[in-house]
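Here's the structure we're looking at; comments come further down.
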Amino acid sequence: MSDKPTYLTVAGKEKLQAELDFLRTVRRPAVAQQIHDAKEGGDIMENAGYDEAKNEQAFVEGRIMTLEGLLAKVELIENHRPGTAISIGSTVVVLEQGNSAETFRIVGSAEADPLNGCISDESPLGRSLLGHHAGDMVTVHAPNGATRFEILDVN
């Protein structure tokens, strides 16, 4: 694991914490019961239910470790202050040449959800917007080539 902080909004932190609590209190015991029940079924060498439960256990334990690691390094995203440069937590309205305006919130990678307007500060667009202001033009270098965006508004 890296020492890089996990940037999250308050809602994002609460969502990850709720998932962690669910995995610890509901999924982990349910999987343990599945393993127990599969062992009761006889020979575990040729028991598909046992194999499936062990795979589920590995997934659940891995996800718990991931969430614990993310939550241990949380830095909460503060609301953007008007007049300051775009940063994590900013809501930005951009216009790509030839398209209609789009609104994005810059968030940390753990909370990114592009289909719902939340882009990572590590994405090509997010990275290109950081440090800029309303009225600036930015060029985004993405795998499919360079695209120019005008920053219409920053909140």
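The values are calculated or read from the model by the stated rules, or taken from the named source; none is laboratory data. Values in this document were obtained by computation on a predicted structure and should not be read as measured data. When we count neighbours, we look across all protein chains shown, and the Cβ atoms used for this are built from the backbone with ideal geometry, even at glycine.
Check PRO82 against each of (1) assigned to a loop (DSSP other than H, G, I, E, B); (2) in the same structural domain as GLY12 (by TED's automatic domain parsing) and name the one condition it does not meet.
With (1) assigned to a loop (DSSP other than H, G, I, E, B); (2) in the same structural domain as GLY12 (by TED's automatic domain parsing) applied to PRO82, the lone miss is (2).
Looking only at the range 4-29, count every residue that is touching a Lys or Arg at 6+ places or on another chain (Cβ under 9 Å) and outside any strand (DSSP E or B) and tell me the total.
The qualifying residues number 7.
Of the residues that sit in the range 113-155 and are in contact (Cβ under 8 Å) with a residue 40 or more places away in the chain and part of a loop (DSSP other than H, G, I, E, B), which one is farthest from the chain's Cα centre (by Cα)?
HIS133
Which one of the conditions (1) surrounded by 12 or more Cβ atoms within 10 Å (Cβ to Cβ); (2) more than 20 Å from the chain's Cα centre (by Cα); (3) of a type outside the set (A, V, I, L, M); (4) modelled with pLDDT under 95 does SER109 fail to meet, given that it meets all the rest?
Unmet condition: (2).
Could you please let me know if ALA38 is of a type in the set (A, V, I, L, M), at pLDDT 95 or above and over 20 Å from the mean Cα position of the chain (by Cα)?
Details: of a type in the set (A, V, I, L, M): yes; at pLDDT 95 or above: no; over 20 Å from the mean Cα position of the chain (by Cα): yes.
No; evaluated as a whole, the condition is false for this residue.
On the phi > 0 side of the Ramachandran plot, under 25 Å from the mean Cα position of the chain (by Cα) and not in a helix (DSSP H, G or I), is that true of GLY98? Before you say what the answer is, go through the steps one by one.
On the way: on the phi > 0 side of the Ramachandran plot: yes; under 25 Å from the mean Cα position of the chain (by Cα): no; not in a helix (DSSP H, G or I): yes.
Spelling it out, it is not the case that GLY98 is on the phi > 0 side of the Ramachandran plot, under 25 Å from the mean Cα position of the chain (by Cα) and not in a helix (DSSP H, G or I).
Quick one: which of GLU61, GLU56 is acidic (Asp, Glu), over 21 Å from LEU152 (Cα atoms) and under 21 Å from the mean Cα position of the chain (by Cα)?
Testing whether each residue is acidic (Asp, Glu), over 21 Å from LEU152 (Cα atoms) and under 21 Å from the mean Cα position of the chain (by Cα) leaves just GLU61.
Out of all the residues in the range 66-85, is one or more surrounded by 11 or more Cβ atoms within 10 Å (Cβ to Cβ), β-branched (Val, Ile, Thr), at negative phi and touching an Asp or Glu at 6+ places or on another chain (Cβ under 6 Å)?
no
What pairs come up if the first residue lies in the range 36-64 and is part of a loop (DSSP other than H, G, I, E, B), the second is at pLDDT 90 or above, and their beta carbons are under 7 Å apart, counting only those six or more places apart or on different chains?
Listed by first residue and then by second, the contacts come to nothing, as the list is empty.
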